[in-house]
Structure formats: C-alpha cells, structure tokens
Amino acid sequence: MHNLDWRAVARNVLLARELDQLEERELAPGKMNDPRKMIKYQFSAGGHELVQVLLACALDHPHDAAGVYYRSRPFMLSIGLTAREALAAGMARVGSPSEGRDVGVVFNMPSRGRATALPSAGDVGSQFSPSAGWAHAIRYRVRVLQEREWEGAIAVAMGGDASVASNGFWAALNIATTQNLPLLFWIEDNGYGISVPAHLQIPNGNIAANLAAYGNLKIFECDGTNPREAAQTIFDAVRYTRENGTALARLRVPRLQGHTYGEDQRAYKSEGQIAREFESDPVLRLREFVLQNGMSANDWDEMVNEIRAELRAALSEAEALPDPDASQATRFVYFDGIVNAQGGLRKENANVEITNGAPERDGSRMNMLDAIRKTLEHELRVNPRMLFFGEDVGPRGGVHRATVGLQKEFGEARVFDTSLNEEGIMGRALGLAWAGLLPVPEIQFRKYADPAQMQLDDIGTTRWRTANKFANPMVVRMPAGFLVKQFGALGDPWHSPTNEVVYAHMPGWRVAFPSNAEDAVGLLRTALRGDDPTIFLEHRGLLDTTNARRPYPGDDFCLPFGVASRVSEGDELTVITWGECVYRCLEAAQNFSGRVEILDLRTLAPWDKEAVLASVKKTGKALVVHEDLHTAGFGAEIAAILAHDAFSDLDAPIERIASTDTPIPFSVELLQAVIPSVEKIRAAMERLLAF
Ligand SMILES: Cc1ncc(C[n+]2csc(CCOP(=O)(O)OP(=O)(O)O)c2C)c(N)n1
C-alpha cells in the first residue's frame, strides 16, 4: 500500500474508462454498422474501475487467482490483458482470450506473471465455488505437496451485489469458512442486478452487514470511489486473506451506465440518482486525489492523450486480426494431444500414464464395490495430486462404502467430507483441477448431481471456451439405478434415476457406465489418468451382486473408452445395452442361443459406433435396451445413427426397450412395470427374430 504507484493506478483506471468510451461512442451496435468491427455486446465497467485496479495491484503473488466476471475488464487490463486483445474479444477475433468462441467480456487468462484469471462464465454466481477450489488447491499444494512457492497465495471471487443471492455464493462461503481457506469474496456493490435493487436480493441489500456474525469470515467494507480509503481497505483485505484466511470485501461503487450498452437506466433509477452517481465517479475523485499528491493537470491530460493514441493503435491492430477459422469450430472439446496452458495432470508432468496391458484374471472374484475401492486406493497411492471428497466419504467411508478406510490411510487432506452442496462440490472440483490437481468427487446419488448442473456444464466446456488454454480433468463418481435386494429390485424417484443421457448430451464430458468389476476398474483407472472430465456411473444394483463380480484385473489395468464388449454372440439380432440391463438382456436371450448378439457399450461418450454398425450389418436387426427413460434416452441416438448409417442393412424396424416415461417408483410391483423387465426384453427379441 505504501509503495503504491498512483500514477500507474491512474493509467490503468483511465485505460479502462477510455476503452469503454471508445466502444460506446464508435463501436457499439448502432454506432458501428460493420458487423466485423462491431462490439456486439458492450458491458461498461464505468464506476467499477478504481477498486479493480487497486485489487490487481494487491495481487502480487504469482499463484494468486481471481474468479472474474463480465464487469471485470479493468482488473483484466491491470493483470496483463492488452487493449488489442480486449477489442479483439468484443469483435470475436482470433487473438482474443477465447479466440472468438465466447462473449468478449467473458475472460480467462493463464498467469502472465501476475494473477491468473480463472475462466469466467456467463452464469452469474458460477465463479464463486471454483475460486474456493483454487484456494483449496493453494492449501493442498503447500501442506501436502510441500510446494513452498504456493505459500501466501490467495484466490479472489469477484461478483456484483446480485450475485450474492446465487447458490454458488453460499456454496463457496460455506466451503471457505468451514475450512478457513485463503479466499477473498469481492463484492462490487452498485446497488442493482440489471434493474433489480439489492434489497430484493438479500435483506436490506447489504451483504457485509448480513454476514457480520458469520463464523470464520472477516468483513471489509469501503467507499470504492475514494482512492485512499479504497486502497487501504483493499490492501488490508488481501493481507488478511493471505495471513489468516477467508474474508469478504464489499466495495460500494456506482454503475454509471446501463447493465449493457443501450439499456436505459431511467426505467428504475431517477434522474437525480443518475446525476448523483455521476458526481461520485471514481475517475473524478482519483483525478482530484492524484492532483493533490503531486501530479499536475497537464500530466493527467497528457496521460489521457497517450492512452487515446494507444487505443487507436490497438483498435487498428484488432481490426486487422482474422476471424476464427470455421473449420476449427469443433476443436478442443476434448484433449487432442496439445497440452493446455493451465490445469490438469499432464501440464504438471504428473507421472500417471494410461497403460494397455491385458487384465489379470486368475484372482478370486471381487464385487464391483470392492474393485472400485481398490482402484481408488491404488491411484491415491501413486498420484499425490489426487483428492477424494464428497458427502460422508470420510470416516463413514461413503453411504455406498466405496471409500471405507481411505481417509484413515491417506489422511483428511486427501480424503474428506464436504458441506452438503453439490454446486459447491463440483465448483470446488473445477478450481482444484485448474490448479493442477486431480479432483475425484463423489455425488451420493445420480439425481443429487442436479443442483450442480451449471457447474457440470461449465466443466465440460472450459477447454473449448478457452480455446485450450485451460483444462480440468476430473472423475465424478455417481451411483445410479435401483438396488437389488433378496426379493428383487427396489427403487424410488430419488435414489434410482440413471438419466445418463444428460451427460452424453453435454460437450466435453466422457461418460462411463460399466457392468462388471473388471470393466469398472479399467475404465475408472483410464479416467483417473486421462485428460478430460469423466462422469463415472456405478449401478447400485451391481455394486454387490454376484453377476458383476470379477477377479481384480491388476493395478495397471486400463480399459479404453469407446470400445464395446460383446457379451454374447449371435447372427440374427444385435442387442445394444449397458449397465445393469446387460444382465437382463443375457437372461432374456437364454432361449435364443447363438441367435442374439449382445453388445455392452461400457461407455456412452464416446460410444462404439463401429462395433454396433458392424454387428447390425451382420444380423440385420437391432434392439436397444436401457434403464434410462424412453423418450430422448440414449437409445434414440443409437437408433437414429442406425437408421442412417445402417439403413440398407436393416431387415426389421429398430426397437427400443427402456423405462417408461415416469419417475422410478417405490412399490416393487410398480417398479417392475416401469423398468425394462426380462419379459419385455424377451418379447421384443422374439418379435424381432420372427420379423
Ligand atoms: C444464473 C444467471 N441468471 C441470470 C443471468 C442474467 N444476468 C446477467 S447479469 C445479471 C445481474 C447481475 O448483477 P450483479 O451481480 O449485481 O452484477 P453487476 O452487473 O451489477 O455488476 C443477470 C440477472 C445470468 N447471466 N446468469
């Protein structure tokens, strides 16, 4: 704080302001008619500049990171984003942080010697729990990996006053305060979320006052237009977070323009209020302040002129940048051999490789649950960057018992219980992965991943959205489906949906749904050593059943994704299935020996089209069986591919047997009416064989 270079602060504040004004006057829709040169979505940071520039000055540790949001451009310009890149981003050009893939103010930036800008997203509130994940990674890298160079680093989660009403804010608040993580919640309070006043977001509209009594949270607050007060508060807040742990800073600022360019504030702000906000413009106050502290009015004007000239040059350079190459639009959904700049094990040179040996099959048979536990245990042993967490996974060993003994063996830093918040579990995983660790969260039951849907979407798309700058491999285990008891299957609407199709529909994710212990081990290990995020579904009805037991295939066994397994051979009908339905299909096919070929897909993203097409070419008939609901289930995708790619090979209509389009019922009788029963499958086989 004492060494603060106010001239440099003024320069960055003015750069941000002049950039906004250039866009507003010449480049926004209505001002610019050439769509290639238009800033199609203009977000002014007018009023927010000073606090952001001061924050950037305070973040001087190379492993500091900030979860930025769409109004964070002054901060971005202060940590190394160039004006040319900023303009190129608005025009969706190559050479911008997302290479034209994302909105111009949705930033990401690996460290350029200053703080890392974690990949932001358009969803308000999504930045908080990943920032908590980065803060958690700092702690882990210092205490577990003994990397002293991470000591003293912090994460900052930046948001507006309305964002404090989001799930993500509360998820991150509980993560950080229960573990006292070095995370600074940074709330730029301009009083509005678009048009909705802050008092409709939280009581009295003041998050600092509301959280005054929150445990393990130090509150800072200031007038973000007053240079001396703001600088003191911001440096104090950053120092507190570095030295003690979680803090929240509320910076009161005006929002001088509408939410986005062209939005008329007069619908919800009086003329008087708008005028008062302009009077409190931090640029005016900063000018007054620096003029009182040694800078002359001439110096100031010269600085403005220099910046204007610099922006003109940056604009010409940005306009000369090419548009993205359309042939590259599908690139970087998955890892394709080019190591990203930030995130994931490969970037860290972690020595965990996917091997391709044969499975060992001479041991005694093990159930799928024990096989999964054994695999997790081995990978935790060989990969110190792996962390395992979720609800009840610690001393209890998980409600499914997949982690029994793991906390005892590896300690609470590596295997730990989380707060009950799936958004937080997945968001934290994202931040951990960006910081070079391997998060392996457990979602207790498939349906309870739903509160995390926004994070799950964003996890899948980060590599693509950042044009391969950031990656976040992780493995998310999710038990799904009904249970098997002595009397048969038992389900209910909460613990039993499988709904795997949702994940197959989300770009960037790999999806595994193994049917036996050997495949589970091989696929899990491949995922744990891979470069992409993976959803790993474990059917509850297979975890401890005899049919899914296999010998443990060995500590190095990896199974590639996208390779189906032929579990029964036949030449008259191809059955395509996965998960628990594999066994239903095998039972149903008993009457038709040698006639029915059953393919267990094992993974849905990617899925083995080649094997399916080759088999259908041979048999001429196809039946898809899955436990997920019928309408728009993954079977519909398979049927559509077959209808197109195997049209001339088909001798019968493609059939699908799936759960009825209802929730999964509790009554045993109702359940049998809903899920694909052996009888229904057998009847479909019979129909098709006779067709
Ligand atoms: C999850 C989600 N809901 C709604 C929106 C639409 N939206 C974008 S910004 C915004 C207001 C956010 O206001 P605030 O957090 O106070 O930040 P400010 O824009 O004032 O800086 C809304 C409702 C969104 N982007 N994401």
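The values are calculated or read from the model by the stated rules, or taken from the named source; none is laboratory data. Keep in mind that this is a model prediction, so the values were computed, not measured. Note: ideal-geometry Cβ built from the backbone for every residue, glycine included; neighbour counts use all protein chains shown. Please note that ligands, DNA and RNA were not included when accessible areas were found on the heavy atoms of the full protein model with its side chains. Shrake-Rupley method; radii C 1.70, N 1.55, O 1.52, S 1.80 Å.
Key figures
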{"item": "Sites ALA683 and ASP264 - FRET efficiency at Förster radius 56 Å, r taken between beta-carbons, to 0.05", "result": "0.30"}
{"item": "The range 1-118: Rg to Rh, with Rh as the Kirkwood radius over Cα pairs", "result": "0.98"}
{"item": "Globularity ratio of the range 186-286, using Cα Rg and 2.2 N^0.38 Å", "result": "1.18"}
{"item": "Bins of 10 Å, starting at 0 and running to the largest distance - Cα pair percent for the chain", "result": "3, 15, 23, 22, 17, 12, 7, 2, 0, 0"}
{"item": "Peptides 640-647, 222-229, 22-29, 309-316 ordered by average Cβ neighbours within 10 Å, highest first", "result": "222-229, 22-29, 309-316, 640-647"}
{"item": "The range 565-690 - convex hull of alpha carbons, volume per residue in Å³", "result": "95"}
{"item": "In order through the range 48-63: 3J(HN,Hα) via Karplus (6.51 cos²θ - 1.76 cosθ + 1.60), integer Hz, x for Gly, Pro", "result": "9, 5, 4, 5, 5, 5, 5, 4, 4, 5, 6, 8, 10, 9, x, 9"}
{"item": "Cβ-Cβ FRET estimate between ASN204 and ARG401, R0 fixed at 56 Å, reported to 0.05", "result": "0.75"}
{"item": "Cα centre as origin, Lys/Arg/Asp/Glu Cβ charges: the range 102-159 dipole, Debye", "result": "220"}
{"item": "log₁₀ of I(q)/I(0) at q = 0.14, 0.20, 0.23 Å⁻¹ - the range 434-540, Debye sum with one point per alpha carbon", "result": "-0.56, -1.06, -1.31"}
{"item": "Extension reserve of the LYS618-SER648 stretch, reckoned as 0.36 nm per residue once the Cα distance is removed", "result": "9.6 nm"}
{"item": "Coil-residue chymotrypsin sites (Phe, Trp or Tyr not before Pro) of the range 231-286, DSSP, other Cβ within 10 Å capped at 14", "result": "TYR268"}
{"item": "Stokes-Einstein D in µm²/s, Kirkwood radius over Cα pairs - the range 238-374 at 25 °C with 0.890 mPa s viscosity", "result": "103"}
{"item": "Percent accessible area from carbon and sulfur atoms, the range 67-110, protein chains only, probe 1.4 Å", "result": "51"}
{"item": "Solution diffusion estimate, µm²/s, Stokes-Einstein, the range 6-324, Kirkwood Rh from C-alpha pairs, 4 °C, viscosity 1.567 mPa s", "result": "65"}
{"item": "Simple spin-label estimate for LEU420 and ALA341 in nanometres, 7 Å along Cα-Cβ", "result": "4.2"}
{"item": "Contour excess over end-to-end distance, with Cα ends at HIS630 and ASN305 and 0.36 nm allotted per residue", "result": "110.5 nm"}
{"item": "Cβ-derived FRET efficiency at R0 22 Å, ARG566 paired with ALA358, nearest 0.05", "result": "0.85"}
{"item": "Two-site label geometry, MET295 and GLU637: point separation in nm, points 7 Å out along Cα→Cβ", "result": "5.5"}
{"item": "Extension gain from ALA213 to LYS31, taking 0.36 nm per residue of separation minus the Cα-Cα distance", "result": "60.6 nm"}
{"item": "Rounded accessible area per residue of the chain, 1.4 Å, Å²", "result": "37"}
{"item": "Mean projection area, nm², convex hull over Cα of the range 459-613", "result": "10.6"}
